[in-house]
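Colleague: The structure is given below, and queries will be raised subsequently.
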Amino acid sequence: MKSYLYKIIVLALIFSFSSCSKDYLDTTPVDQMTEEEMFKNITNTKIALAGAYRVLYQQISNQEEDGHTSIMIAMDYMGEDVVLSRRGTDPFYGTYRFTDHLTEENALPLFAWRLYYRLISNVNIILEKIDSVPDATDLDKRTIKGECLALRAFGHHMLVQLYCKRYRSTDVEMANKSIGIPLLTSYSLLPQPRASIEEIYQQINIDLNDAINFLDGVIQPGLYRTHIDKSVAMGLKARVALTQLNYTEAHYWAKEAMKRYSLMSERDVLNGFTNMINDEWMWGLHILEDQVPSYGSFYGYMSSNFNSTHTRANPKLINKELYNTISATDVRKKLWCEDISDFANYPGVIHGTKYYSIPDQVRVPLMHNKFRVANPGSRAGDVPLMRAAEMYLIAAEAKAGLNLYQDAADELYPLAKARDPQYKIPDELTEMNNEVIKQRRIELWGEGFRFLDLKRRNENLRRTPATGVDITLGNIGTTLNLSASSASWQFVIPRREKNANPYIQ
């Protein structure tokens, strides 16, 4: 019996990636290429690699299944800092209510499962074929291997965080192979058994170490940082180490990863977060207008100005308690609207061709103005996957986790000062852990981190009315906190995979 997982990805590399890049418009469309043609020369192989990256934003099935960008939305909807103002028409409603991921027949667990395994499968094919591409130089091979290994690590890391228990190296259950997920280090159509959580993390770290080595000295061309380079691989290494509570490693790799980057200016902070051409973005998705689906897309749900039924009827708010902790001199305070009559600074949803504020939009205090598409008539825009600010936050959290509070303050200060010229370190350094997490919640709002942060930190989900949540919408965590020990922090493995894979029951 073949696993459902492998049935859905076997032809993904060949058939999924038309219009991967404007650079290849004069070549045969990818969805018309055979596997043999893809590895006939290095140009075609690079198209295949571009196709693997496109999995991160390609719509798989339903309109809320726009690759990793939809998982980013889900991760924040399942936290407490992105607040829905209305139910509206949002297809993520069940996700927000913390229920979609708990039923084997639901779309969310199936979507996430096949998304990341599709990514892993595609890069595994490239890894197996790259050495046989006749005109590939040593530099070509090193670069492509490094990118593919980093993408494979990224895919496995997302899967193990979603479908498994949080990482605890002292937990005896870590050794139990039944609690992990299949680990794919080669391309195969055969069903695979589950590896232990520890084994999965070991392979993730092996892949990232190899990726860092392969990408040493490689300079990715172009203005847009859409491909993984050494700094991004090191940033992924820092993320993984933080998830494993390996604070010494997390600090080291975050500091290494951020070396080439500067923090963005106050002007750039307020510039819409949809253009990766600034000094701080390390990795992102550059989604062109002809690559967004007819419905859906990250900015169809999360932008403040694109005119969709989801943005017009349901502007996304910030947790009121969190907002109240932001200093008045912090530039990020301006990312959310207090005065809904202030159309000049917070125009909200804009008519796509006449450029005026839509009069029937729902306007609610603390609706965000963070993500704004450059063209209000289009849902296209760059999506941030990694910024240098995150590396500052990882470095600071790692030092706080080691109880080195002055060091944590020193790591956090440059970022906090860049956002708030009047910023002062808390008088009580023992409060640095809370301060770092507060800064992380503000800085990375809407960028897909909160659910995973709560899970890795073993914290409860708290959505009291004081946060601004409507208890009829927020559901879980409103009247009683959702305990960190709850099984609800794990996505269920989809029923279709269980039915097809004898190793998963």
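Rule-based calculations on the coordinates, nothing more; no lab input. Here the structure is a predicted model, which means the values were calculated and not measured. Glycine also receives a Cβ, built like all others from the backbone with ideal geometry; neighbour counts cover every protein chain displayed.
Colleague: Let me know the number of lysine pairs in the range 285-401 closer than 25 Å at the Cα, not counting same-chain pairs under 8 apart.
Modeller: 10
Colleague: Under 17 Å from the Cα of residue 145, which aspartates and glutamates turn up, not counting those fewer than eight places away in the same chain?
Modeller: Reachable aspartates and glutamates: 128, 131, 135, 207, 210, 216, 229.
Colleague: Using r as the Cβ-Cβ distance of residue 320 and residue 406, and R0 as 25 Å, what FRET efficiency do you calculate, to the nearest 0.05?
Modeller: 0.20
Colleague: In debye, nearest 20: dipole of the chain around its Cα centre with unit charges on the Cβ of K, R (+) and D, E (-)?
Modeller: Dipole of the chain, to the nearest 20 debye: 780 debye.
Colleague: Which FRET efficiency, nearest 0.05, do residue 427 and residue 344 yield, Cβ-Cβ r, R0 35 Å?
Modeller: In this case the efficiency is close to 0.40.
Colleague: If I stretch the segment between residue 458 and residue 288 completely, what's the gain in nm (0.36 nm per residue apart, minus their alpha carbon distance), one decimal?
Modeller: Between residue 458 and residue 288, full extension yields an extra 57.4 nm.
Colleague: What is the spread of the Cα atoms of the range 108-166 along each of their three principal axes, largest first, in whole Å?
Modeller: 42, 19, 12
Colleague: Shifting gears a bit: Rounding to the nearest 10 and keeping the result within 0 to 90°, find how far the Cα-based axis of helix 42-54 lies from the longest principal axis of the chain.
Modeller: The angle comes out at about 40 degrees.
Colleague: If each residue of separation counts as 0.36 nm, what is the full-extension length gain between residue 480 and residue 495 once their alpha-carbon separation is subtracted?
Modeller: This chain segment gains 2.4 nm when fully extended.
Colleague: Just want the answer: with Cβ charges of +1 for Lys and Arg and -1 for Asp and Glu, which residue in 367, 58, 485 is farthest toward the dipole's positive end in the chain?
Modeller: Checked the options; the winner is 485.
Colleague: Next question, about the same structure. Which residue, chosen from 400, 469, 437, occupies the Cα position most advanced towards the positive end of the dipole of the range 379-477, where the dipole is computed from +1 (Lys, Arg) and -1 (Asp, Glu) charges on Cβ about the Cα centre?
Modeller: 469
Colleague: What does the net charge come to around residue 319 if you take all other residues with beta carbon closer than 10 Å to its beta carbon, with K and R at +1 and D and E at -1?
Modeller: Every neighbour counted, the sum reads +2.
Colleague: Over 42 Å, how big is the tail of the calculated P(r) for the chain, in percent of all Cα pairs?
Modeller: Of all Cα-Cα pairs in the chain, 13 percent lie more than 42 Å apart.
Colleague: Excluding same-chain residues fewer than 8 positions from residue 498, which aspartates and glutamates have a Cα within less than 12 Å of its Cα?
Modeller: Output for residue 498: 104, 105.
Colleague: How high is the FRET efficiency between residue 374 and residue 61 when r is their beta carbon distance and R₀ equals 22 Å, given to the nearest 0.05?
Modeller: Efficiency for this residue pair is about 0.20.
Colleague: What's the magnitude of the charge dipole for the range 40-135 around its Cα centre, counting Lys and Arg as +1 and Asp and Glu as -1 at the beta-carbon? Answer in Debye, nearest 20.
Modeller: Rounded to the nearest 20 debye, it is 320 debye.
Colleague: Same structure again: Once the dipole of the chain is set up with Lys and Arg at +1 and Asp and Glu at -1 on Cβ about the Cα centre, which of 331, 163, 275 lies farthest towards its positive end?
Modeller: Value computed over the given set: 163.
Colleague: Further question on the same structure: If you line up the long axis of helix 230-243 against the longest principal axis of the chain, both from Cα atoms, how many degrees apart are they, to the nearest 10?
Modeller: So the inclination is approximately 70 degrees.
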